[in-house]
Amino acid sequence: MPITGIYGPDDLATRPQGQANSAPPAPTRTGHALPRPSLEWTSEIERATAPIYERVRHVIPPIEWPLMAPTIHAINELKRARNAVILAHNYQAPEIFHGVADIGGDSLQLAVEATKVKADVIVQCGVHFMAETSKLLNPDKTVLIPDSRAGCSLAASITGADVRLLREKFPGVPVVAYVNTSAEVKAEVDICCTSSNAVQVVESLNAPSVIFLPDRYLATYVASKTDVKIIAWKGACEVHERFTGDELRAFRDADPSVQIIAHPECPPDVLAEADFTGSTAHMINWVRERRPKRLVMITECSMADNVRAELPDVEMLRPCNLCPHMKRITLSNILESLLTLGEEVTIDPALAERARRSVERMINLKN
């Protein structure tokens, strides 16, 4: 079913002038700093990190490993000292995703796993809304993000005030928020979703119409899969919106046997050219099951490296769009985060209580 309407800040006449998505709170630091370890490349470090390098040798050249391995080893030692766990999104670089992460996955997987964490400290290797989600689900734990400037164009596209104005414009219509939103926005909606479960969440509301925000392209994809009328917001992912259908057709013209899989945050002309559309987790599972000889993954390009590290027999052809926010997370600032317990994510308790409900409704939703 086509989207019944799409709205943005300019369409909400009473939106306060100049209001944008609020910046994350100023980071805080708690606890005592630990001694800074040596980052020298030694035969001991080489032996200790050899199993890790075996996992990433297809995507990290051997000449680069001596520069990374000492920091990877130090981070893994500090995790034990801090009783910390590292969560990493699929878009993190291989040295992070395969080198130091304890749990990796898409937004839904990380949200679910965050509820099971037993550690005292969670280090979120992803963007700020992901760290906020971990904090919402673990209010009594210390949640760190190595660089609080790691934002998201989708989260920045809408505010809590915008959601309230949408509710005024469409009274009684339930609101679904993609997890790529701030805690402030999550506090104003009925339920959250990820790209893995967006259709299921929309249909679970048993409503003829649903407000779906903030990704216009994910909303378009959902509308194509359900009879529910979708009212969308004018947000977009700055990585996925840059792909084009012409780009994909050029890959097919060069090699008709190539397989193309795409994320539903991409524009409709891109999805129309893809052999499969799905969340990052669904894309990875598709590759594991199909094992195509040559593949184009239409999403953030570090994920292709992470998949190739696991499945080196799959040749990746990459129209590479990097997420500048994900790439703010580095081995160096993960190390610094564990040494100093910064930057800590904090959320006002009253707001967190409301935002937590929308996330927990998503996690508790039964198939």
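The values are calculated or read from the model by the stated rules, or taken from the named source; none is laboratory data. Because the structure is a prediction, the values reported are computed rather than measured. Every residue, glycine among them, receives a Cβ derived from its backbone with ideal geometry; neighbour counts consider all protein chains shown. Note: accessible area is taken over every heavy atom of the protein model, side chains too, but ligands, DNA and RNA are not part of it. Shrake-Rupley method; radii C 1.70, N 1.55, O 1.52, S 1.80 Å.
Numbers at a glance
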{"read-out": "At R0 = 35 Å, FRET efficiency that the Cβ-Cβ distance of Thr115 and Arg242 yields, to 0.05", "value": "0.55"}
{"read-out": "Magnitude of the charge dipole, the chain, Cβ model with Lys/Arg +1 and Asp/Glu -1, debye to 20", "value": "600 debye"}
{"read-out": "Approximate shape of the chain as ellipsoid semi-axes (Cα gyration tensor, √5λ), whole Å, largest first", "value": "34, 28, 16"}
{"read-out": "Å² of accessible area per residue within the chain, as computed with a 1.4 Å probe and no ligands counted", "value": "43 Å²"}
{"read-out": "The chain - share of DSSP beta bridges that are antiparallel (%, nearest 5)", "value": "5 percent"}
{"read-out": "Out-of-range pairs (alpha-carbon distance over 27 Å; input Lys186/Lys225; Lys141/Lys169; Lys79/Lys116; Lys186/Lys327; Lys169/Lys229)", "value": "Lys141/Lys169"}
{"read-out": "FRET efficiency, 1/(1 + (r/R0)^6) with R0 30 Å, evaluated for His58 and Ala33 via beta carbons", "value": "0.25"}
{"read-out": "Only Lys, Arg (+1) and Asp, Glu (-1) charged, at Cβ; segment 175-324 dipole about Cα centre in debye", "value": "200 debye"}
{"read-out": "For segment 125-270, diffusion coefficient by Stokes-Einstein and Kirkwood Rh (Cα), 10 °C, 1.306 mPa s, µm²/s", "value": "96 µm²/s"}
{"read-out": "Chain lengthening between Lys169 and Asp227 when straightened (0.36 nm per residue, less Cα-Cα)", "value": "18.7 nm"}
{"read-out": "Nearest-0.05 FRET efficiency for Glu315 and Glu40, computed from C-beta distance (R0 35 Å)", "value": "0.45"}
{"read-out": "Protein accessible area in the chain, 1.4 Å probe - carbon and sulfur %", "value": "50 percent"}
{"read-out": "Thr142 long-range amide H proximity, modeled H, under 5 Å", "value": "Ile122"}
{"read-out": "Cβ-based net charge around Glu113, under 15 Å, with every Lys or Arg adding one and every Asp or Glu removing one", "value": "+1"}
